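A short write-up of the structure that comes next.
What follows draws every value from the coordinates through simple rules; no lab data is involved. These numbers were taken from a predicted model, which means no experiment stands behind them. Cβ placement follows ideal geometry from the backbone for every residue including glycine, while neighbour counts extend to all protein chains displayed.
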Ligand code: ISE
């Protein structure tokens, strides 16, 4: 649909990220209106809808997708529901922004890839927002400048202050580690070859079904080796770290906080406490670009193929924990539909 009126968006999922996207779509980003909201918890849908100018609560997600007043769909519901809603949006011929992961298994992601290929066009954009984070964009620009030479290694850390005690290791891998799996493909412009996950000493704060922390070695097709730490109960804050080691030097994410406090003989720098605040600019940028695309009748950004390649790698990480070996995660050649022009 190319249009000069506001894009009418249906939101599926009114939880933490869904309500944040509703806020940004209705108060930050121009050219969009959230006109319909669905959530498995009707009271959550109602709470979000009442904050919006003119939004209806629709009790069924598929009915929201098919609603004639909905031009485009944001899927921000629980990860196990993503595949079905994205397939329904494609069947309805509607553009869809799907929060990561695209699906909880690579097989599920492939079903979405096949659905787009059957239509001969893209409908899907995946919410890999780190590609739009100013700090990561600076890191990628440094890498591309060649200043540090060819990249050899990278050290990444993904630290959450705490997660629910019910979280399982496989869900944490599929939902959190997926960011790093997309990030390394984007940063190094190459595919992942294999993944080796190691579970060491458990954090006593981790729930009974969560192995935390994890250390994951990711080997890229160019032989760059990436070490990823996934810590989900680190306590002190929401801290995302990245350092790339090149032939001539290193480049790293600096602290995202602009100030340092020097008090009582100490230097103290604030650290974000939540992913909503640490990546607010990135979420704004990615959704702003999506709304612009929808209004112009085009699709860009992280694709269903990117979603498949990242989840293939998280599947491999989970399998590696089970088998205690490295597991292949090379997705194969990018289908024509997804090749950059
Ligand atoms: C959450 O769903 C996100 O996507 C955050 O970016 C990530 O850091 C967090 O671990 C996930 O639970």
Check: If you take the beta carbon distance between residue 328 and residue 24 as r and set R0 to 51 Å, what does 1/(1 + (r/R0)^6) give as a FRET efficiency, to the nearest 0.05?
Finding: 0.85
Item checked: Whole-number percent relative contact order across region 59-195, with pairs defined as alpha carbons under 8 Å at least 6 apart -> 19
Check: In terms of the Cα gyration tensor, with a ≥ b ≥ c the square roots of its eigenvalues, is region 219-341 rounded because a/c is under 1.5, prolate because a/b exceeds b/c, or oblate?
Finding: oblate
Checklist line | Stretch gain in nm, segment residue 190-residue 337, where the contour uses 0.36 nm per residue and the Cα spacing is subtracted | finding: 51.2 nm
Notebook entry, point to check: So for the chain, what percent of the C-alpha to C-alpha distances run longer than 25 Å?
Noted result: 53
Next item on the list: Taking the chain as the reference, fit the longest principal axis to its C-alpha atoms, fit the long axis of helix 106-119 to the helix C-alpha atoms, and give the angle between the two in degrees, 0 to 90, nearest 10.
Entry: 40
Note to self: Limiting things to C-alpha atoms, what are the Rg and the maximum Cα-Cα separation (Dmax) for region 190-280, in angstroms?
What the structure shows: 16.6, 49
Note to self: Once you order the gyration tensor axes a ≥ b ≥ c over the Cα atoms, which shape class does region 118-239 get: rounded for a/c under 1.5, otherwise prolate or oblate by comparing a/b with b/c?
What the structure shows: prolate
Check: How far is helix 82-91 tilted, in degrees, relative to the longest principal axis of the Cα atoms in the chain, given as a value from 0 to 90 rounded to the nearest 10?
Finding: 40
Check: What distance in nm separates the simple spin-label points at residue 289 and residue 63, each placed 7 Å from Cα in the Cβ direction?
Finding: 3.6
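What is the chain's relative contact order, in percent, from Cα pairs under 8 angstrom and six or more apart in sequence?
RCO, the chain: 21 percent.
Arranged from highest to lowest average of other beta-carbon atoms within 10 Å per residue, in what order do the peptides 28-38, 295-305, 202-212 appear?
28-38, 295-305, 202-212
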Item checked: Helix axis angle, 134-145 relative to the chain longest principal axis, alpha carbon, degrees -> 60
Item checked: Surface/4 estimate of mean projected area, convex hull on alpha-carbon atoms of region 14-59, nm² -> 2.7
Margin query: Nearest 500 deg cm²/dmol is fine: what mean residue ellipticity at 222 nm does the chain get from its DSSP H runs of n ≥ 4 alone, each adding -39,500 (n - 2.57), divided by its residue count?
Written below: -10500 deg cm²/dmol
